[in-house]
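We did not get these values from a lab; they are worked out from the coordinates using the rules stated. Note that the structure is a prediction, hence the values are computed from the model and not measured. Backbone-built Cβ (ideal geometry, glycine too); neighbour counts: all protein chains shown.
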Amino acid sequence: MNYFLTGGTGFIGRFLIEKLIARGGTVHLLVREQSQFKLDSIRERCGVDDTRVKAVIGDLTSNNLGIDSSTLKELSGNIDHFFHLAAVYDMGADEEAQLATNVDGTREAINVADAIKAKHFHHVSSIAAAGLFKGTFREDMFEEAGKMDHPYLMTKHESEKVVREECKVPYRIYRPGMVIGHSETGAIDKIDGPYYFFKMIQKIRRALPQWMPTMGVEGGRLNIVPVDYVVNAMDHIAHADGEDGKCFHLVDPDPYKVGEVLNIFSEAGHAPQMGLRIDSRMFGFIPAFIRQSLKNLPPVKRFVSAFLDDMGIPRSVVSFLNYPTRFDSRETERVLNGTGIEVPRLPSYAPVIWDFWERNLDPDLFKDHTLKGRVKGKVCVITGATSGIGLATAEKLAEAGAILVIGARTKETLDEVAESLREKGGNIHPYQCDFSDMDDCDRFVKAVLDDHGHVDLLINNAGRSIRRSLSLSFDRFHDFERTMQLNYFGSVRLIMGFAPSMLEHKSGHVINISSIGVLTNAPRFSAYVASKSALDSFSRCAAAEWSDKNVKFTTINMPLVKTPMIAPTKIYDSVPTLSPEEAADLIAHAIIERPKRVATRLGTFAQVLHAIAPKIGEIVMNTGYRMFPDSPLGEDGKPAKKQKVSSEQVAFAAVMRGIHW
């Protein structure tokens with residue numbers, strides 16, 4: 001047999017060609033001249049040459065599909081089956097594009113089928129042709145379709161109408177459900193339908209353990225079918241005798257609700273499942289105009305848009321969460337009876353669908369997740385860059401090609417570090433500054449902006465820590481003042497200095513190196529924790545004001561790091577700490593991903609514990625406070641160099657890894 005296909009290089013088309021070739025047929029594929037190379041992979045996969053898979057040069061939106069008269073004459077009387085698969089399946093496409101392809105393209109396809117005297121015309125429509133019909137839509141129904149406000153629904157309905165009213169060739173119409181990947185391999189070529197929710201499932205998995213139940217929606221029923229079922233069914237029905245003029249629903253006769261679908265894929269992706277699913281119909285008692293008014297409130301619209309953008313979910317998809325239509329498929333079941341062609345249950349093949357998506361289509365796979373991709377050629381400022389975390393971070397940024405501005409108090413050390421980084425190929429610009437001096441901060445900001453024009457990234461790393469019990473601090477109020485001066489006021493001064501240029505460019509990122517102590521309420525660090533807490537609170541407020549200006553804030557609640565700042569406390573030599581390089585890795589992650597916060601699981605747990613059971617958290621921290629004494633002083637008034645550490649202290653510190661004691 002001889003076949004003609006439009007959309008043969010598309011997802012369904014490629015699988016259908018394999019079936020037609022297996023029947024011994026010759027396939028003619030409509031293809032643009034510049035896309036002929038796509039046929040090479042099809043031929044290779046089918047194990048045939050250009051005598052079995054032939055290119056027909058044309059264009060779906062042109063008169064007679066853009067096929068020249070000599071080719072039309074050559075095809076005339078030689079095509080047994082004309083399959084029209086080409087269409088726009090992107091729900092985000094504009095109405096004009098969908099009309100041109102779905103409606104006008106279908107009209108040109110039936111004109112060509114008539115011109116070449118094809119024996120059968122097969123139109124691949126969609127369940128979308130039913131619009132938003134409420135109830136069960138049968139295969140013999142068409143005019144009864146529900147509202148079609150969305151261009152995709154409207155054009156699929158109209159294209160089917162063109163076939164029904166204008167096609168002179170005996171036709172058959174197929175309405176597949178939401179077509180997803182192959183049930184055996186998971187293979188698919190684009191994100192559509194339920195795939196839009198995979199990123200949300202993945203993010204939930206990263207945030208919560210699999211055993212933790214979550215809350216979600218119930219929604220309407222999503223009719224999901226794998227591509228291999230659609231192709232197998234279509235291939236069999238197309239070659240069955242006596243079925244012209246009929247429509248066939250290639251659907252799941254027992255579809256799952258939205259909440260069930262999300263839970264099935266959550267299980268496949270090892271993510272938490274929704275233990276409580278809310279059916280939106282329970283809010284039906286609220287007048288429609290009130291619901292609509294709430295949805296149109298600017299804060300609600302912004303929140304919804306931000307959430308959908310973050311998850312990669314098109315707004316148009318949300319309207320289908322309460323999909324009201326079910327589809328009868330008795331005609332399809334009649335023709336397929338006894339063939340063994342049936343829809344597999346979604347849980348049986350969801351794991352391969354998820355696996356293929358995560359390995360091949362996850363949008364994050366196509367993002368540049370390298371530090372170089374984020375900072376190369378960007379002006380990046382690091383304070384306290386001559387030692388510890390700041391130095392380790394500076395080395396990473398210099399290697400990644402940043403225009404690196406480093407600031408520190410001691411000029412000699414600053415120059416040494418700058419020269420060392422330059423020897424490694426870094427583009428380094430050192431500026432001496434005492435960040436606890438507000439006038440010095442202002443001079444620093446002016447010098448940097450004069451030299452570089454703006455700042456893309458500010459890392460507030462310079463800080464001071466004091467480990468001392470309150471009982472020993474009654475006469476040391478200056479400890480609180482000087483800690484606040486550097487850790488809070490100095491950082492805020494820089495943020496306020498560089499923010500105008502960031503806001504002007506509508507681009508900027510501020511990373512504040514905070515402390516796990518803010519989450520754990522660490523004893524002996526009241527001055528330090530208070531200063532970092534103040535900076536955290538300021539940043540949350542600033543982020544709320546500048547969220548729509550693309551100026552981002554990230555707080556890193558850094559665990560205990562082995563730096564010169566903690567060196568005087570010799571007990572830390574015997575407890576688990578991060579190295580400066582490991583801390584710099586956390587900062588690199590923050591630069592690349594730009595999250596709101598970076599924290600250890602223990603730090604997050606401590607914050608939750610203090611929120612829901614503050615007394616228990618207080619007891620735990622008091623236990624550590626009593627177990628780890630203040631640093632003893634030597635004869636010179638400085639901390640003693642040797643401190644004995646008990647096995648109990650080591651064990652406790654290991655369990656509470658990274659917490660300041």
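Too long at a 23 Å Cα-Cα cut-off: which of 203/367; 134/199; 372/446? From the list (203/367; 134/199; 372/446), the Cα-Cα distance tops 23 Å for 134/199; 372/446. Taking other Cβ atoms within 10 Å as a rough exposure proxy, 325, 51, 410 sort from fewest to most as 51, 410, 325.
Per-residue Cβ neighbour counts within 10 Å put 212, 502, 141 in the sequence 212, 141, 502, beginning with the fewest. Listed by chain and number, the aspartates and glutamates whose C-alpha is less than 20 Å from the C-alpha of residue 549, apart from same-chain residues fewer than 8 away, are 309, 310, 456, 504, 536, 593. Sorted ascending by nearby beta carbons within 10 Å, beginning with the fewest, 89, 323, 3 become 323, 89, 3. Legend: distances between Cα atoms for 376/596; 117/161; 161/246; 117/168; 54/161; 378/532; pairs beyond 19 Å are 376/596; 117/161; 54/161; 378/532. Centre-to-centre, using Cα atoms only, region 489-563 and region 335-394 are separated by 27 Å.
Peptides 492-499, 55-62, 446-453, 126-133 ordered by packing proxy, namely the average of other Cβ atoms within 10 Å per residue, highest first: 126-133, 492-499, 55-62, 446-453.
Taking amide hydrogens as placed 1.01 Å from N in the peptide plane, the amide H of residue 278 sits under 5 Å from those of 216, 217, 218, each at least 5 positions away in sequence or on another chain.
Amide H to amide H, with H built 1.01 Å from N, residue 516 comes under 5 Å of 558, counting only residues 5 or more places away or on other chains.
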